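> Mind having a look at this structure? Questions to follow.
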Amino acid sequence: MDERRILLVRHPETEANVNGRFVGCGDVPYTDRGERQALLAVDAIADFEPDEIWSSPLRRAHHVAEIAAMRLGVAHVVDGRLNELDFGEAEGLTYQETQERGIEFEFGSQDAPVAPGGESRRDILIRTGAGIDAASGQARHVAIVTHGGVFRSAMVYLLGLPIDAIWSFDIRNAQCAEFRIVDGHTMLER
């Protein structure tokens, strides 16, 4: 029997989260609350006891993974496939600012970019799936610190849900989800 475990962790709260800014590829600092959440996220990862920790290269995810890896003495693998959704022309803007600039979102399509110049739901799902496969293929217990869009995509990918389910999950900052994969069948454990 082949058994693997994955712990998904969303990065702590950032100033962009609080201010309602679309930040995919950019980097923004944690809020004071985010700083506290980072410590709790490191504790959650330590409790999981991963063989490796993977993360997005963006600081808001990378920072937590790096601290947890140093604390546990395990490898920290940085993988760009775990980056947040590219928001294209909406990057760094609030919803009101996108409306003032005439930027229209496409949340209904699987293949059109969510915002002009950005990625589609299918793009992030394929990219996320490749990152998840790489991480779980290298370690039996792997923690992955990433972003809300990648977390949602990973849920869909791991559980074999339809692509439209990506928007069905409310993933809060510093939330975790643990999966167990037995002989290729994935179960959400907590």
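> Would you kindly work out the equivalent ellipsoid of the range 36-144 from its C-alpha gyration tensor and give its semi-axes, the square roots of five times the eigenvalues, largest first in whole Å?
Each semi-axis is √(5λ); the values are 32, 17, 9 Å.
> Moving on. From Cα pairs below 8 angstrom and at least 6 apart in sequence, can you work out the relative contact order of the chain, rounded to a whole percent?
Answer for the chain is 33 percent.
> What's the percent breakdown of Cα-Cα distances in the range 31-87 across 5 Å bins, shortest bin first?
4, 21, 28, 23, 17, 6, 1
> Along the charge dipole of the range 55-190, pointing to its positive end and built from +1/-1 on Cβ of Lys, Arg, Asp and Glu, which listed residue (I181, S55, Q96) has its Cα farthest out?
Looking along the dipole axis, the top candidate is I181.
> Right, next: May I ask you to list the residues of the range 1-20 whose amide nitrogen lies under 15 Å from a point 7 Å from Cα along the Cα→beta-carbon direction of D183?
1-4
> Rounded to two decimals, what is the ratio between the C-alpha radius of gyration of the range 1-72 and 2.2 N^0.38 Å?
Relative to the rule-of-thumb radius for its length, the range 1-72 sits at 1.18.
> At a threshold of 8 angstrom on Cα-Cα distance, excluding pairs fewer than six apart, so keeping six or more, what relative contact order does the range 31-83 reach in percent?
It rounds to 39 percent for the range 31-83.
> Please give the FRET efficiency for Q138 paired with R36, using the beta carbon to beta carbon distance and R0 = 22 Å, rounded to the nearest 0.05.
Here the calculated transfer efficiency is 0.10.
> Sorting check: for 171-178, 153-160, which peptide has the highest mean count of neighbouring beta carbons within 10 Å, and how do the rest follow?
Result, highest mean first: 153-160, 171-178.
> Running a GNM on the chain with Cα contacts under 10 Å, which residue among G88, G108, G26 ends up with the highest mean-square fluctuation?
Ranking G88, G108, G26 by mean-square fluctuation puts G108 first.
> Shifting gears a bit: Quick one: with all protein chains in place, what share of the accessible area of the chain is carbon or sulfur, to the nearest percent (1.4 Å probe)?
Roughly 48 percent of what the probe reaches on the chain is carbon or sulfur.
> Further question on the same structure: Based on the Kirkwood radius over alpha-carbon pairs, what is the Stokes-Einstein translational diffusion coefficient of the range 94-182 at 37 °C with 0.692 mPa s viscosity, in µm²/s?
Translational diffusion coefficient: 228 µm²/s.
> Same structure, new question: So in the chain, what percent of DSSP beta bridges are antiparallel if you round to the nearest 5?
Antiparallel: roughly 50 percent of the beta bridges in the chain.
> In whole Hz and in residue order, list the ³J(HN,Hα) couplings for the range 108-115 that follow from phi through the Karplus curve 6.51 cos²θ - 1.76 cosθ + 1.60, θ = phi - 60°; x for Gly and Pro.
After applying 6.51 cos²θ - 1.76 cosθ + 1.60, I find x, 8, 7, 10, 7, x, 4, 9 Hz.
> In Å³ and rounded to a whole number, note down the convex hull volume per residue for the Cα atoms of the chain.
Output value, Cα hull per residue: 101 Å³.
The values are calculated or read from the model by the stated rules, or taken from the named source; none is laboratory data. Small disclaimer: the values here were computed from a predicted structure and weren't measured. Counting neighbours? That spans all protein chains shown, and the Cβs are built from the backbone with ideal geometry, glycine included. These area figures cover heavy atoms from the full protein model, side chains too; ligands, DNA and RNA do not enter into them. Shrake-Rupley method; radii C 1.70, N 1.55, O 1.52, S 1.80 Å.
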